[in-house]
1. Anything in region 1-27 that is in a loop (DSSP other than H, G, I, E, B) and of a type outside the set (A, V, I, L, M, F, W, C)? List them, or say none.
2. Quick test for you: out of Lys57, Lys86, pick the one residue that is in contact with a helix residue (DSSP H, G or I) (Cβ under 9 Å, 6 or more places away or on another chain), surrounded by fewer than 19 Cβ atoms within 10 Å (Cβ to Cβ) and either at pLDDT 95 or above or in a helix (DSSP H, G or I) (or both).
3. Considering only region 119-154, how many residues are of a type outside the set (A, V, I, L, M, F, W, C), within 20 Å of Leu18 (Cα to Cα) and crowded, with 16+ Cβ neighbours inside 10 Å?
4. Kindly list, by first and then second residue, each pair from a residue in region 7-18 that is more than 9 Å from Val95 (Cβ to Cβ) to a residue that is aliphatic (A, V, I, L, M) and assigned to a loop (DSSP other than H, G, I, E, B), limited to pairs with Cβ atoms under 7 Å and residues at least 6 apart or on different chains.
5. Restricting attention to region 28-40, report how many residues are touching a strand residue (DSSP E or B) at 6+ places or on another chain (Cβ under 8 Å), in a loop (DSSP other than H, G, I, E, B) and not aliphatic (A, V, I, L, M).
6. How many residues are farther than 19 Å from Ala126 by Cβ and touching a helix residue (DSSP H, G or I) at 6+ places or on another chain (Cβ under 7 Å) if we restrict to region 180-213?
7. Pairs only if they're at least six apart or on different chains, beta carbon under 8 angstrom, first in region 210-236 and charged (D, E, K, R), second loosely packed, with under 10 Cβ neighbours inside 10 Å and modelled with pLDDT under 90; list them, first residue then second.
8. Residues that are at pLDDT below 95 and part of a loop (DSSP other than H, G, I, E, B): does region 134-151 have at least one?
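The values are calculated or read from the model by the stated rules, or taken from the named source; none is laboratory data. Nothing here was measured: the structure is a model prediction, and the numbers come from that model. Every residue, glycine as well, gets a Cβ built from its backbone with ideal geometry; the counts of neighbours run over all protein chains shown.
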Amino acid sequence: MAMKILITNDDGIFSEGLKVLYDFAKTFGEVTVVAPLKEQSGKSQSVEFRNTITVQKMLYAYETEAYAVDSTPTDCVRFGITGLNKTYDLVLSGVNHGFNLGNDILYSGTAAAAFEASARGIKAIAFSTNHTTFDSAKENIKAVYDYIVNNDLLSVNSIYNVNIPLDPKGVKITRKAGFYYVERFDLCDNGEYQQTTDFVVHHGKDFSVDVDAVMHGYISITPMTVDRTEQNAFKKLLPLNDK
């Protein structure tokens, strides 16, 4: 029986990165596409509660059941599961136009879709690549997935964040870095502010850190978790319950 796969992203249903992911996923599974109608970058794991959501059913690539959801990537996953009353073996999110590294993961709609899937008991992988081209993702996504499968990574952890640089040298298992840029608010002529960032890449060589690994040409695979409990603090404080 074919694996049932839900794919989504945060760049929108008509993005090139989603097509890269779709072309790959359909080679080994039965694919359902549920993606945002328009770009939802930086929306993290937000959902729409107060307003109705428009959903447009269509054929993706003229062959596959698809739904364009006028909301966030998280709502796409929720609709794909609850709205369609379907079950999936795997959720794939991306391929994002630009890396999701370090604390960017906190804001990423691409990663958020994977978090939502994992919270609902479905294994998930978020994919991102260099903002200049999807060529490296096209060429390497199968090898990355094979690495995950052959090393049984999804039995160790249910959610991974993957970044694919140009001309990768190999694969590194990594942990999330912190901020690798500084943000600023630029005052515009109309009195409003435009938030922008300046990248501050410290060329460290700790290849167990996602930023260092990717900036030195390695594919980064980072195990992630939806658990917001700080387990060490919890264990240390738990005896207080007995007082």
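1. Keep residues of region 1-27 that are in a loop (DSSP other than H, G, I, E, B), which gives 1-2, 9-15, 26-27.
Residues satisfying the conditions are Asn9, Asp10, Asp11, Gly12, Ser15, Lys26, Thr27.
2. Details: Lys57 fails: in contact with a helix residue (DSSP H, G or I) (Cβ under 9 Å, 6 or more places away or on another chain).
Result of the check over Lys57, Lys86: Lys86.
3. Quick first cut of region 119-154, residues of a type outside the set (A, V, I, L, M, F, W, C) only: 120-121, 123, 128-133, 135-136, 138-140, 142, 145-147, 150-152.
Imposing the further condition that a residue be within 20 Å of Leu18 (Cα to Cα) reduces the set to 123, 128-133, 135-136, 138-140, 142, 145-146.
Checking which are crowded, with 16+ Cβ neighbours inside 10 Å leaves us with 123, 128-130, 136, 138, 140, 145.
Of the residues in that region, 8 qualify.
4. Between residues of region 7-18 that are more than 9 Å from Val95 (Cβ to Cβ) and residues that are aliphatic (A, V, I, L, M) and assigned to a loop (DSSP other than H, G, I, E, B), the close pairs are Gly12/Leu37; Ile13/Leu37.
5. Taking region 28-40 first, the residues touching a strand residue (DSSP E or B) at 6+ places or on another chain (Cβ under 8 Å) are 28-37.
Imposing the further condition that a residue be in a loop (DSSP other than H, G, I, E, B) reduces the set to 28, 37.
From the residues that got through so far, the ones that are not aliphatic (A, V, I, L, M) too are 28.
Total satisfying the criteria: 1.
6. The total comes to 6.
7. What qualifies is Asp212/His203; Asp212/Lys205.
8. Here is the first cut: in region 134-151, the ones at pLDDT below 95 are none.
The answer is no, given that none of the residues of region 134-151 is at pLDDT below 95 and part of a loop (DSSP other than H, G, I, E, B).
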